[in-house]
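These notes are about the structure you will find just below.
The values are calculated or read from the model by the stated rules, or taken from the named source; none is laboratory data. Because the structure is a prediction, the values reported are computed rather than measured. Because the Cβ atoms are built from the backbone with ideal geometry, glycine has one as well, and the counts that use them run over all protein chains shown. For the accessible areas, the whole protein counts, side chains as well, though only heavy atoms, and no ligand, DNA or RNA atoms are used. Shrake-Rupley method; radii C 1.70, N 1.55, O 1.52, S 1.80 Å.
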Amino acid sequence: MNVGELNARYAGDLNMVESSPKGNADDAVIYVPARPYWQWAFIVVAIAVLGMVAWSIIVNPAMSWGIVGQYLLDPIVLQGFILTVWLTIVTTMLGLVLGVILAVMRMSSSHFISGLSGLYIWFFRGTPLLVQLIMLYNLGSLFPTLSLSIPFGETLFSVKTNAVITPYVAAILGLALHEAAYMAEIVRGGLLALDKGQRNAADALGMTSWQKFWHIVLPQLIPSIIPPIGNQLIGMLKMTSLVSVIALGDLLYSVQLIYSRNYQTIPLLMVACFWYLVATTALSGLQWLVERRFGRGLVTQ
C-alpha cells in the first residue's frame with residue numbers, strides 16, 4: 001500500500017467518523033505498521049553465518065564423528081551421565097529443603113536468627129563453588145577426626161574425617177549447601193511478593209499458622225517460584241561438572257578419563273555436550289509440565 005492509497009484510506013476513515021453517531025476516531029482509523037526490512041536482512045545474514053559455522057564443523061576431519069558415535073553409548077559415559085542426573089536431583093531437593101528453612105529464618109522477627117541465615121547466604125553465595133568443594137574434600141586436614149563428646153566429659157563417638165568425607169559425600173554436601181543459599185533467596189522473594197492483607201484477613205478469620213500456609217501461602221508461592229527453581233535445577237546440572245576436580249566419576253570426569261588415553265579430546269567433549277543437552281531438554285520439558293500443572297487458575301495479565 002503506497003502513500004497515496006494510505007491518504008485516501010485515512011480520508012475515507014475520517015468521513016466515516018464524521019458520519020458516525022459516536023464519532024470515535026480510534027475505532028475507525030487503521031494503523032498499518034511499517035515493514036521491518038531490517039529484520040529480513042538480519043535473518044538472511046544470521047542464517048548464512050550459522051550455515052557457514054555448522055558446515056565448517058560438520059566437514060572438519062578433526063571432529064572425528066566416528067569416534068563420537070563409538071563412545072556415545074559407552075558404558076563408562078552412561079554411568080557418568082546417570083551419576084550426573086542423580087547428583088542434580090538429590091542436591092537440588094536437599095538445597096530446596098534447606099533453602100525453605102533458611103528463608104523462614106531470614107524473615108524471622110529475631111535479629112539473631114535472621115542474621116544467622118543472612119550470614120550463611122552471604123558466605124555460600126560469596127565464595128566459588130569450586131573452592132567450597134575442594135575445602136570439603138580436604139576437611140580431614142583441618143579436622144582429622146569427627147567426634148561427639150559430652151561437654152567436659154567423655155567422648156561418645158569418634159571417626160576419622162577421611163572415612164566419612166568421601167568424594168560422594170563431599171560432592172553432595174558441597175552442591176547442596178551452595179544451592180541452599182540461592183534457594184533461600186528464591187523462596188524469600190516468593191514470600192515477600194504475597195499480599196500482606198491476605199494474611200491479616202486469615203488472622204481475622206481465626207486461621208491457624210498451618211492453615212494460612214497450606215490454604216493461602218503455598219498455592220500462591222509455588223507458581224511464582226517454579227520458574228527460578230527450574231533455572232536453578234538446570235544450572236545445577238551443569239555445576240555438577242565441578243565434582244570432577246575431586247575425582248568423582250560424573251559425565252565430564254568419565255569422558256576425561258577416556259580422552260586422556262586416546263587423545264580424542266574434542267570428539268569426547270562432543271559426547272559430553274550431547275548428553276548434557278539431552279538432560280537439559282528433559283528438565284526443561286519437566287519444568288514446563290510443572291508450571292502448566294500449578295499455573296492452572298492463574299489469570300494471565
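Side notes on the structure shown:
- Across the stretch 205-219, coupling constants 3J(HN,Hα) worked out from phi with the 6.51/-1.76/1.60 Karplus curve, θ = phi - 60°, read 7, x, 6, 6, 4, 5, 5, 5, 5, 6, 9, 10, 6, 4, x Hz, and Gly and Pro carry x.
- Rounded accessible area of TYR259 (nearest 10 Å², 1.4 Å probe): 50 Å²
- In a reduced charge model with +1 at each Lys and Arg Cβ and -1 at each Asp and Glu Cβ, the chain shows a dipole moment near 420 debye about its Cα centre.
- In the chain, Cα pairs under 8 Å separated by at least six residues give a relative contact order of 23 percent.
- Charge-dipole axis of the stretch 77-200 as Lys and Arg at +1 and Asp and Glu at -1 on Cβ define it, positive-most pick from LEU192, GLY140, ILE172: LEU192
- The stretch between LEU119 and GLU185, if pulled fully straight at 0.36 nm per residue, gains 22.5 nm over its current Cα-Cα span.
- Residue with peak Gaussian network fluctuation, the chain [Cα springs, cutoff 10 Å], from LEU129, LEU277, LEU148: LEU148
- Entry comment: accessible area of the stretch 66-162 is 65 Å² per residue, from protein heavy atoms only and a probe of 1.4 Å.
- The separation of the stretch 252-295 from the stretch 80-95, counted between C-alpha centres, amounts to 13 Å.
- Highest-fluctuation residue, ASN231, ASN162, ASN262 considered, GNM on the chain with Cα pairs under 10 Å: ASN262
- Surface listing: ARG106, ARG261 arranged by accessible area from highest to lowest gives ARG261, ARG106, probe 1.4 Å.
- With a Förster radius of 22 Å applied to the C-beta separation of SER209 and VAL290, the computed FRET efficiency comes to 0.25.
- GNM top mover of MET52, MET93, MET135 - the chain, alpha-carbon springs below 10 Å: MET52
- When the chain is described by a simple charge dipole with +1 on each Lys and Arg Cβ and -1 on each Asp and Glu Cβ, the residue from ASN60, TRP86, LEU286 located farthest towards its positive end is TRP86.
- Förster radius 25 Å - calculated FRET efficiency between TRP86 and LEU129 (Cβ-Cβ, nearest 0.05): 0.85
- Backbone amide hydrogens, once placed in the peptide plane, bring THR145 within less than 5 Å of THR161, excluding anything fewer than 5 places away on its chain.
- Taking every protein chain into account, the 1.4 Å probe leaves ILE150 with about 80 Å² of accessible area, to the nearest ten.
- For Kirkwood radius over Cα pairs in Å, calculated from these coordinates, the label among [x] 25.0; [y] 25.7; [z] 23.8: [x]
- Between ASP195 and MET52, the contour length at 0.36 nm per residue exceeds the Cα-Cα span by 46.2 nm.
- Sequence of ASP74, ASP195, ASP250 from largest to smallest accessible area, 1.4 Å probe: ASP195, ASP74, ASP250
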